[in-house]
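Here is the structure we will look at.
The values are calculated or read from the model by the stated rules, or taken from the named source; none is laboratory data. Just so it is clear, the model here is predicted, and its values are computed rather than measured. Cβ atoms come from the backbone with ideal geometry, glycine included; neighbour counts cover every protein chain shown. Each accessible area value is taken on the protein alone, full model and side chains, heavy atoms only, with ligands, DNA and RNA left out. Shrake-Rupley method; radii C 1.70, N 1.55, O 1.52, S 1.80 Å.
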Amino acid sequence: MGTKNPRVPLSRERALATAVALADAEGIQALTMRRLAAELGVEAMSLYYHLPGKEGLLNGLADTVIGEIEVAVRRTGTTGVDEDWRAALRQRFLAAREVMLRHPWAPALLGSRPTIPASVYAYYDGIVATLIGGGFSYRIAHRAIHAFGSLALGFAQEIFRPASAGGQTDVEVAEEDLAAMAEALPALTAMIATEAHDVSDPTLGWCDSQVEFEFTLDLLLDGLERARD
């Protein structure tokens, strides 16, 4: 994971790369300044020069994830404004999701930041430029951003997240509650019984599978085409 060779100069980039690797391996709950310092082979206080405390570390992780999304989007070759807007946005959002699947702790992290990471603005500027280039007005582009929500960053934001997705909800307790209420909730119970997730379908959250993500995304893109003015 992290290199413990003290002769390697400590930098913000090296610290964040090690922090990402630690979060990937053990979950973001395991990530502390002391633990990160141990992985880097440095004193904890020396980290504060590059990452001012736990919040500085988490903000750095958020910026790192957004940076990975930008790289993934550039690799798709869909950053121009003269191409098919629908295909461009679809590829952009699916590229973002690939980053989220590599870092399943990232959705909860991004949703918890008290301020918007500066790197997010440039990412959304690209989305708006794609829509305007596709013939949409700024009014519809604005509404589209709201409609996309967190899908633009590669995940479906859930109000209640189970512990497996970086939240606090106990999945087993939630399932037991649903079972206990099955008689009173026949439609919901039948839907859940019918719509069990395929084990091969990559899932980020409690109910954020790849199939459902793409279904919702395509539904929104189809609706935007009809709203073009």
Quick calc: nm separation of the 7 Å Cα→Cβ label points for Asp222 and Val128 -> 2.9 nm
Calculate one ³J(HN,Hα) per residue across segment 9-22 by plugging θ = phi - 60° into the Karplus curve 6.51 cos²θ - 1.76 cosθ + 1.60, and present them in order as whole Hz with x for glycine and proline.
-> x, 7, 9, 4, 4, 5, 4, 6, 4, 5, 5, 4, 4, 5
Sort Ser112, Ser150 by accessible area with a 1.4 Å probe, largest first.
-> Ser112, Ser150
For Tyr123, net neighbour charge (Lys/Arg +1, Asp/Glu -1) across residues whose Cβ lies under 13 Å away = -2
Would you please classify the overall shape of segment 8-136 from the alpha carbon gyration tensor, given that a ≥ b ≥ c denote the square roots of the eigenvalues, rounded means a/c under 1.5, and beyond that prolate means a/b larger than b/c while oblate covers the rest?
-> prolate
Glu70 accessible area, 1.4 Å probe, all protein chains in place, Å² to nearest 10 = 40 Å²
